[in-house]
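This report concerns only the one structure given below.
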Amino acid sequence: MSRIIAIDYGRKRCGIAVTDPLQIIANGLPTVPTFQLMDFLKDYCSKEDVEMIIVGEPRQMDGSPSESARYIEPFLKHLSREMPHMKIERRDERFTSVIAHREMLAGGFKKSQRQEKGRADEMSAVLILTDYLQNR
C-alpha cells in the first residue's frame, strides 16, 4: 500500500503527518516553512510511495469557509499543477488546534514544549489524518 500525507496549512509554517505504508498509524513529521512546502512534498513523494494528500480545510462554526481558507486555495491550485497525478482531498479541520493544545496538556508537555512553534501544527496534522483514517 501507499502512504497518505496530511497537511495543516498555515501562512508561516505547515504541520505535516504521514501514515505508515499500511495506512494504520498517523505520525507527525517536522513542520515545514510554508514557502518550502512544495519542495518538501515533491522530495518526499519522490522517495516514498504516496497515494493521496489531505489538506485541512478551515471552517467557521456554521460550516462556512473561514478567513484563512483564502490562503489555502492558491496552494491547492499550485499543488494540482505541480503534482497532477496526486489525489488531493480536503478535510474539515475545525477544532484541531484546540484539541492539539489539550492533548499536549494531557500528555504532560512542559510549557516550553507547548510554546514551541510548530508543535501544535504537527499535532493538528496528525489529528486531521487520524480523523480521515477513522472515517473512511
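The values are calculated or read from the model by the stated rules, or taken from the named source; none is laboratory data. All values derive from a computational prediction rather than experimental measurement. Ligands, DNA and RNA are stripped out before the accessible areas are found, and what is left, the full protein with its side chains, is counted by its heavy atoms. Shrake-Rupley method; radii C 1.70, N 1.55, O 1.52, S 1.80 Å.
Overview of results
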item	result
Qualifying residue in segment 71-85 (condition: open to solvent by less than 30 Å² (accessible area, probe 1.4 Å), modelled with pLDDT under 75 and part of a loop (DSSP other than H, G, I, E, B))	no
Hits in segment 43-70 (condition: open to solvent by 50 Å² or more (accessible area, probe 1.4 Å), assigned to a helix (DSSP H, G or I) and at pLDDT 95 or above)	43, 46, 47
